[in-house]
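Visitor: Supplied in C-alpha cells, the structure appears directly below.
The values are calculated or read from the model by the stated rules, or taken from the named source; none is laboratory data. Please read these numbers as outputs of a predicted model, since none were measured by experiment. Here the Cβ is made from the backbone with ideal geometry for all residues, glycine too, and neighbour counts use every protein chain on show.
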Amino acid sequence: MPNAVAFRYARALADLAMKPGVAPQAVIGDLEKFERALAQSTDLRNALQSPAVPKARKHAVVRRLAEELPLADLARRFVMVLIDHRRLPMIGDIREAFEMVLDERLNVVRVDVISARELTADQRDKLLEEFSRATGKRARARFQVSENLIGGVVAKVGSRVFDGSVRGQLETLKQRMAGAGA
C-alpha cells in the first residue's frame, strides 16, 4: 500500500490528469513505460537517482527517453518533478496511488479475481456486472488464475473477500456441520 507521500504526489497528478483533453489512463500507461525502462537499465536508474548527476543532465536524459518511449508531456513533466524532489525511487508506489485516486474520483471499484481456470469473456463480464450492481460503482477487475484453487472463484473488493471457491464452500459446509453437531 502506498504511503502518504505517494498519495500526495498522486493527488497532484490526478488534479492535472482529470483536466479536459487529458486521458488519465494514458498517463498510467506512460508511467508504466517509464518504470519498465528504469527496471531494464541499471545505468539509467543509477544516473537518474544519483545525487552526483546534475538535475539539468537528468532532465536531458528524461527528455530524450520521453521521445523514444514516447511519453506524453504531462508524464514527462511529472517524472522531472519526481527527479527534482528526489522521489523517483517511489514512482511505482506513486503510480499505484494515482490509480487508486483515479478510481475513487471516477467512481470505479477494483476487484481482484482469482479463479481455478481462465474465465471466458462472458464469465468475466457477468462478474463485473454483479460487482457493479453490488457496489453501485463501475467495476474494474484484475483476473488471475491460481493452481491452488480446486474450482470456483475468489474475489476481493477492498478488504472484503468473496469466496466462491470449492475449498471455501467445503469450509463453510464443515463449519455448519460442526455447529449443528454441538
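Visitor: Considering only residues that are among the acidic types (Asp, Glu) and assigned to a helix (DSSP H, G or I), which ones fall in region 96-118?
Guide: Glu96, Glu99, Asp103, Glu104, listed by residue number.
Visitor: Next question, about the same structure. Scan region 40-75 for residues that are farther than 24 Å from Ala14 by Cα and small (Gly, Ala, Ser) and jot them down.
Guide: Ser41, Ala47, Ser50, Ala52, Ala56, Ala60
Visitor: Would you please name the residue that is modelled with the highest pLDDT, looking only at residues in region 78-109 that are more than 19 Å from Asn3 (Cα to Cα) and surrounded by 15 or more Cβ atoms within 10 Å (Cβ to Cβ)?
Guide: Among those that are more than 19 Å from Asn3 (Cα to Cα) and surrounded by 15 or more Cβ atoms within 10 Å (Cβ to Cβ), it is Met80.
Visitor: What residue, among those in region 143-162 that are of a type outside the set (Gly, Ala, Ser) and loosely packed, with under 15 Cβ neighbours inside 10 Å, is modelled with the lowest pLDDT?
Guide: Ile150
Visitor: Before we move on, is Phe143 outside the structural domain of Ala75 (by TED's automatic domain parsing) and not hydroxyl-bearing (Ser, Thr, Tyr)?
Guide: yes
Visitor: Give me a count of the residues in region 1-55 that are surrounded by 16 or more Cβ atoms within 10 Å (Cβ to Cβ) and of a type in the set (Val, Ile, Thr).
Guide: 2
Visitor: Would you call Glu99 without any contact (Cβ under 8 Å) to a residue 40 or more places away in the chain and not assigned by TED's automatic domain parsing to the domain that holds Ala139?
Guide: In short, no.
Visitor: For region 119-142, indicate whether the set of residues that are in contact (Cβ under 8 Å) with a residue 24 or more places away in the chain and part of a loop (DSSP other than H, G, I, E, B) is non-empty.
Guide: For region 119-142, residues in contact (Cβ under 8 Å) with a residue 24 or more places away in the chain and part of a loop (DSSP other than H, G, I, E, B): present.
Visitor: While we're looking at this one, here's another question. For Lys137, state whether it is buried (at least 17 other Cβ atoms within 10 Å of the Cβ), within 30 Å of Arg8 (Cβ to Cβ) and basic (Lys, Arg).
Guide: Against the criterion (buried (at least 17 other Cβ atoms within 10 Å of the Cβ), within 30 Å of Arg8 (Cβ to Cβ) and basic (Lys, Arg)), Lys137 qualifies.
Visitor: From the list Glu67, Glu32, Glu104, Glu99, which one is farther than 30 Å from Ala155 by Cα and acidic (Asp, Glu)?
Guide: Working: Glu32 fails: farther than 30 Å from Ala155 by Cα; Glu104 fails: farther than 30 Å from Ala155 by Cα; Glu99 fails: farther than 30 Å from Ala155 by Cα.
None of the other options fit; the residue is Glu67.
Visitor: Does region 82-96 hold any residues that are without any contact (Cβ under 8 Å) to a residue 60 or more places away in the chain and hydrophobic (A, V, I, L, M, F, W, C), and which are they?
Guide: Within region 82-96, Ile83, Leu88 qualify.
Visitor: Could you list, in sequence order, the residues of region 34-58 that are of a type in the set (D, E, K, R) and under 23 Å from Ala72 (Cβ atoms)?
Guide: Glu35, Arg36, Arg45, Lys55, Arg57, Lys58
Visitor: Of these, Thr135, Thr120, which one is on the phi < 0 side of the Ramachandran plot, of a type in the set (Ser, Thr, Tyr) and over 21 Å from the mean Cα position of the chain (by Cα)?
Guide: Values: Thr135 fails: over 21 Å from the mean Cα position of the chain (by Cα).
That would be Thr120, the only listed residue that is on the phi < 0 side of the Ramachandran plot, of a type in the set (Ser, Thr, Tyr) and over 21 Å from the mean Cα position of the chain (by Cα).
Visitor: Tell me, which helices (runs of 4 or more DSSP H) wholly within region 1-95 include 2 or more residues that are more than 21 Å from the chain's Cα centre (by Cα)?
Guide: In region 1-95, the matching helices (runs of 4 or more DSSP H) lie at 42-49, 55-68, 73-84.
Visitor: Regarding Ala116, is this residue more than 30 Å from Pro54 (Cα to Cα) and surrounded by fewer than 17 Cβ atoms within 10 Å (Cβ to Cβ)?
Guide: no
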